[in-house]
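What follows is a short report on a single structure.
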Amino acid sequence: MSEKLNMLNMYPDFLNVYSDSANLKAIEYRAEKRGIDCKITVLKAGDAIDLKDYNLIFMGDGMHVGADAIRDDIFTRKEEILKAIDAGCCFFLIGSSFEMFGNSYILEDGKELEGLGICDYKTLEPTGKRAVGNILVDINCSGKKISVLGFENHATQIEGVTSPLGEVRIGSGNVHAGEGSKRYEGYIDDNIIATSMHGPVLIKNAGFTDFIIKKALKKDELEPLESEIEDKAFEMLKKRLTI
C-alpha cells in the first residue's frame with residue numbers, strides 16, 4: 001500500500017493573491033514522483049471538516065485576510081487547529097496567514113486586530129517603506145543548509161520570532177531582529193512553517209519542497225529525486241541577483 005499525503009488548502013478563494021495555492025501542486029508533483037498518494041482538499045468558510053485528518057494544512061496570502069468570512073470562521077476553528085497541531089499535523093503559512101497565527105496583526109488601513117495567538121509573535125505597524133523584490137534565504141533543513149529563493153512584497157515586520165525560518169542573504173526579510181547586521185525571514189517550529197516568500201516559493205525550490213514533505217510525513221529522509229526543472233528556475237533567478 002502506498003504512503004498517503006493528505007493536504008488541506010484553507011480559504012483559497014480569499015488567500016491566493018500570488019497564486020500561492022500552486023505550492024501544493026509543487027508538493028504533489030514531487031511526492032507523487034516518489035509513489036506517495038496525494039489528495040488536496042479545499043476548505044471554504046463554513047465547511048464541516050476535521051483538521052486532524054490531514055498531514056499538511058496550507059494557508060496562503062490575501063488582501064482580504066481581515067474579511068469577516070475568514071476571520072469569523074478561522075476563530076471558530078482555533079481549538080481544532082490546536083488539536084491538529086497536537087496530533088502532528090504540519091501547517092505551511094504564507095504572508096498574512098503567517099501574521100494571523102500570531103498574537104496580533106495589522107490590516108492594510110493600519111488597524112490592529114487580535115490574532116489567533118497560536119504563535120508568540122506580533123506584526124508591527126507598517127513603516128511606509130515596502131520591501132519588494134527577490135529574496136535569498138539560507139534555511140536550516142534538519143541540519144542541512146539550503147538556499148531558498150522567493151519574492152517578497154511587504155511593508156510590515158514581525159516582532160517576537162524566536163525561531164526564524166532562515167537567515168537572509170539578499171533582500172529584507174520580515175523578522176524584526178533589532179539592531180545588527182543579520183536579517184531573518186519566516187518562522188518555524190515542530191509543526192509550523194511560515195514565510196512571506198511568494199512566487200509561489202516552492203515551484204523553484206525543490207529542496208524546500210522536500211523538506212516540507214518530510215515534515216508533513218514525519219520522515220527523516222525521502223527517496224532521492226532529480227530536480228532539474230526546479231534547479232534551472234532557481235539558477236536563472238539567482239543570476240539576476242548580486243551575491
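The values are calculated or read from the model by the stated rules, or taken from the named source; none is laboratory data. Nothing here was measured: the structure is a model prediction, and the numbers come from that model. Surface areas here come from the heavy atoms of the whole protein model, side chains and all, with no ligands, DNA or RNA. Shrake-Rupley method; radii C 1.70, N 1.55, O 1.52, S 1.80 Å.
With an a/c value under 1.5 for the gyration tensor axes a ≥ b ≥ c computed over the alpha-carbon atoms, segment 136-196 is described as rounded. Note on GLU235: accessible area approximately 90 square angstrom, rounded to 10, probe 1.4 Å, nucleic acids and ligands left out.
Tally the DSSP beta bridges in the chain and give the antiparallel ones as a percent, rounded to 5. Write down the numbers at each step before the final one.
Numbers: 26 of 47 bridges.
Beta bridges within the chain, antiparallel portion: roughly 55 percent.
To the nearest whole percent, what portion of all C-alpha pairs in segment 45-187 is separated by more than 26 angstrom?
Values: 2634 of 10153 pairs.
In whole percent, the share of Cα-Cα pairs in segment 45-187 beyond 26 Å is 26.
Solvent-accessible surface (1.4 Å probe) assigned to SER196 amounts to roughly 10 Å².
Think of a 1.4 Å ball rolled over the protein heavy atoms: segment 57-209 then has 42 Å² of accessible area per residue. The solvent-accessible area of TYR29, taken with every protein chain present and a 1.4 Å probe, is close to 100 Å².
Note: relative contact order over segment 129-199, using C-alpha pairs below 8 Å and six or more positions apart, is 31 percent.
The relative contact order of the chain comes to 18 percent, based on Cα pairs under 8 Å that sit 6 or more residues apart. Pairs of Lys residues in segment 67-172 are counted when their Cα atoms are under 30 angstrom apart and they lie 8 or more places apart or on different chains; the count is 9. Please say if segment 104-211 is rounded, prolate or oblate, where rounded means a/c under 1.5 for a ≥ b ≥ c the square roots of the C-alpha gyration tensor eigenvalues, and otherwise the choice is prolate for a/b larger than b/c and oblate otherwise? Judged from the Cα gyration tensor, segment 104-211 comes out prolate (a/c at least 1.5, a/b above b/c). Listed by chain and number, the aspartates and glutamates whose alpha-carbon sits under 17 Å from that of LYS238, ignoring those within fewer than 8 places in the same chain, are ASP138, GLU152, GLU167, GLU228, GLU230.
For SER142 and GLU80, calculate 0.36 nm times their separation in residues minus their Cα-Cα distance, and state this gained length in nm to one decimal. Write out the running numbers ahead of the final one.
On the way: separation 62, 0.36 × 62 = 22.32 nm, distance 2.75 nm.
The span from SER142 to GLU80 would gain 19.6 nm if fully extended.
Taking a ≥ b ≥ c as the square roots of the eigenvalues of the alpha-carbon gyration tensor, the chain is classed oblate because a/c is 1.5 or more while a/b is no larger than b/c.
Heavy-atom surface analysis with a 1.4 Å probe gives segment 45-150 a carbon and sulfur content of 45 percent of its accessible area.
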